[in-house]
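The values are calculated or read from the model by the stated rules, or taken from the named source; none is laboratory data. Being a predicted model, the structure only gives us computed values, none of them experimental. Reconstructed Cβ throughout: ideal geometry from the backbone, glycine too, with neighbour counts over all protein chains shown. The protein model used for the area step is the full one, side chains on, heavy atoms only, and it has no ligands, DNA or RNA in it. Shrake-Rupley method; radii C 1.70, N 1.55, O 1.52, S 1.80 Å.
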Amino acid sequence: MMNVYREILPDSYLLILTDEQHIIEPEALQRALQRARDSGKINVWVDCSEFHHPSEDIIQLIGDFCVRLRHQHMQLILCHLEHETQQAVLQLPASSQPTILATLLDASLYCRNLQASRQRFAA
């Protein structure tokens, strides 16, 4: 069974998915992403350290949620992707591809810079 750990950060919602068998269940991921979407945070980060050989259903679910989040002016950021998983995500249509960053620190810096540029644009 997959465990989902959540960390609510000032502007982001972090999901850390773990499973002893390295199987990410689409239903569990969907529930976790829905909670993140409903959190009111503008950024949803997913620590993909445990994404070992995700199924096509998981990749498609990520793409579908990326589109849904963008329609709500939110963004999905994936971190710690293995090369094979990153290549699978990059096969999604461009409009469905989440932001991919190496680490959670990179996600923090990216979101901070994005927020600063939004504030400059609004001023």
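Looking for whichever is under 25 Å from Arg35 (Cβ atoms) and open to solvent by 40 Å² or more (accessible area, probe 1.4 Å) here; the options are Gln119, Gln86, Gln91. Which one fits? Give the steps one after another, and end with the answer.
Numbers: Gln119 fails: under 25 Å from Arg35 (Cβ atoms); Gln91 fails: under 25 Å from Arg35 (Cβ atoms).
Step by step, each of Gln119, Gln86, Gln91 is checked, and only Gln86 is under 25 Å from Arg35 (Cβ atoms) and open to solvent by 40 Å² or more (accessible area, probe 1.4 Å).
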- Item | Every residue from the stretch 96-123 that is modelled with pLDDT of 95 or more, farther than 16 Å from Asp11 by Cβ and of a type in the set (Gly, Ala, Ser) | Ser96, Ala102
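Pick from the stretch 47-75 the residues that are touching a helix residue (DSSP H, G or I) at 6+ places or on another chain (Cβ under 9 Å) and either of a type in the set (D, E, K, R) or touching a residue at least 40 places away in the same chain (Cβ under 8 Å) (or both): which of them is least open to solvent (accessible area, probe 1.4 Å)? Write out each step before concluding.
Residues of the stretch 47-75 that are touching a helix residue (DSSP H, G or I) at 6+ places or on another chain (Cβ under 9 Å), as a first pass: 47-48, 51-70, 72, 74-75.
Keeping just the survivors that are either of a type in the set (D, E, K, R) or touching a residue at least 40 places away in the same chain (Cβ under 8 Å) (or both) gives 47, 56-57, 64, 68, 70.
On the way: Asp47: 19, Glu56: 159, Asp57: 105, Asp64: 64, Arg68: 96, Arg70: 100 Å².
Per the stated criteria, the residue is Asp47.
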